[in-house]
Amino acid sequence: MLRCLEDEIVRQTGAQRFTVSHTPWVQKLNRRFGHGTRYGRLRRFLPKRPLVLPAKTEVIWQVLMGPENYSLDLFKDWQNGARHIVYLFDTLPSQMPLIRRLFSGREWDVCVTSFDDAIPLLERETGRSWHHADQAVALDYFPSVPMEEKVIHFSSYGRRHPRVHEAVLRFCAAKGLYYDFTTHDRSGPTADPLILLRQFAWHLSHSQFTFCWPVEMTNPREPGN
């Protein structure tokens, strides 16, 4: 979703991607003292270096899955006289202390979230206005596939409901149908995220029926944590 949003920003505004890189030892420190970790408060003591941006930079976008991914605090002079926009995909109540600390300042001209129901809490915590833009992926990844080419009868990726999952397993075993579902946890992906997205999209496009579950149903406590 991050890459698709970045692609759309580039398409509509003519923006240029700029990769913020760190030396290997700073990357190691960044992980050790990451936002939201036990030692996150010690980040302010990490060495900072100037952020060299392309000439005549007018607007800086920060597209983040969550506030934990923010790393501009490891640079100095990053404001650079430009206007700043931040987009956060995840804005859970448990993330509010970090969001309040990072995005309450006046250096942010526009703040955007992917969840409209989070706006009242965000505005109360940060004391500033927030905007809403839905999260999405490009439809180019999901071409239309004729039914006769949909070789997967049932699929379920990511969150799943245990009772429904077991029922579908039994049904497909009895009927000789194929049920494709997530078999690994989130640790250690071995492929580029865009390659994983294309494979995920292929499986969805070739499924006759797929189950998708909101976190509120599979783990009701998680949204508030």
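Among (1) touching a strand residue (DSSP E or B) at 6+ places or on another chain (Cβ under 7 Å); (2) exposed (fewer than 14 other Cβ atoms within 10 Å of the Cβ); (3) touching a residue at least 40 places away in the same chain (Cβ under 8 Å), where does VAL20 come up short?
Checking VAL20 against (1) touching a strand residue (DSSP E or B) at 6+ places or on another chain (Cβ under 7 Å); (2) exposed (fewer than 14 other Cβ atoms within 10 Å of the Cβ); (3) touching a residue at least 40 places away in the same chain (Cβ under 8 Å), the one that fails is (1).
Any chance segment 187-195 includes a residue that's free of Cβ contacts under 8 Å to residues at least 24 places away in the same chain and closer than 24 Å to SER144 by Cβ?
yes
Taking into account only those residues within segment 112-159 that are among the hydrophobic types (A, V, I, L, M, F, W, C) and in contact with a helix residue (DSSP H, G or I) (Cβ under 6 Å, 6 or more places away or on another chain), which is surrounded by the most Cβ atoms within 10 Å (Cβ to Cβ)?
Looking at the filtered set, the residue picked out is TRP130.
Going by what's in this entry, would ILE85 be described as outside any loop (DSSP other than H, G, I, E, B), of a type in the set (A, V, I, L, M, F, W, C) and under 19 Å from ARG128 (Cα atoms)?
Yes; evaluated as a whole, the condition is true for this residue.
For (1) without any contact (Cβ under 8 Å) to a residue 24 or more places away in the chain; (2) assigned by TED's automatic domain parsing to the domain that holds MET65, each residue gets a yes or a no:
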position	(1), (2)
TRP108	no, yes
PRO120	yes, yes
SER155	no, no
GLU166	yes, no
PHE171	yes, no
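The values are calculated or read from the model by the stated rules, or taken from the named source; none is laboratory data. These figures come from a predicted structure and were not determined experimentally. FYI the Cβ positions are ideal-geometry reconstructions off the backbone, even for glycines, and counts take in every protein chain you see.
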